[in-house]
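Below is one structure, written out as structure tokens, with a few remarks after it.
Since every read-out is calculated from the coordinates, none of them should be taken as a lab result. Note that this is a predicted model, so its numbers are computed, not measured. Neighbour counts run over all protein chains shown; Cβ positions are idealised from the backbone, glycine included.
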């Protein structure tokens, strides 16, 4: 899960940031403390969660507007748990569908590559 990624890569200054959203089938109707408690209980989440935002529609949050208009893979967020990887230089380096397991080799390889490219040269 996402918490496992932060635990695994946290020592390399990798962070998971969660942006709850209730835009899909009323899946996150609660407030931030309720959502955070649920994520801790169900997913072991210890990563930072932000206030609920919109990721589609007219009220789309600026971060999602930016994420969904990048040339790497533009397009609307399909559902909750879409995953985006942003490099240390602020560029979007990966995007995965909600069904993609956060611990998949595909995502881990992309994180490894991004961290390798961001590592200081000796």
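Observations on the structure shown:
- Being in contact with a strand residue (DSSP E or B) (Cβ under 8 Å, 6 or more places away or on another chain), surrounded by 13 or more Cβ atoms within 10 Å (Cβ to Cβ), touching a residue at least 60 places away in the same chain (Cβ under 8 Å) and under 20 Å from residue 13 (Cα atoms) is a description that applies to residue 111.
- Every residue from region 35-45 that is surrounded by 15 or more Cβ atoms within 10 Å (Cβ to Cβ) and in contact with a helix residue (DSSP H, G or I) (Cβ under 7 Å, 6 or more places away or on another chain): 43, 45
- Remark: pairs (first residue in region 65-76, free of Cβ contacts under 8 Å to residues at least 12 places away in the same chain and on the phi > 0 side of the Ramachandran plot; second residue part of a loop (DSSP other than H, G, I, E, B) and surrounded by 12 or more Cβ atoms within 10 Å (Cβ to Cβ); Cβ separation under 7 Å; 6+ apart in sequence or on different chains) = 75/68.
- Subset of region 54-67 (residues that are assigned to a loop (DSSP other than H, G, I, E, B) and under 13 Å from the mean Cα position of the chain (by Cα)): 55
- Residue list for region 9-19, filter: surrounded by 13 or more Cβ atoms within 10 Å (Cβ to Cβ), free of Cβ contacts under 8 Å to residues at least 40 places away in the same chain and not in a loop (DSSP other than H, G, I, E, B): 10, 17, 18
- Selection count, region 20-53, where residues are out of contact with any strand residue (DSSP E or B) (no Cβ under 8 Å at 6 or more places or on another chain) and either touching a residue at least 24 places away in the same chain (Cβ under 8 Å) or assigned to a loop (DSSP other than H, G, I, E, B) (or both): 17
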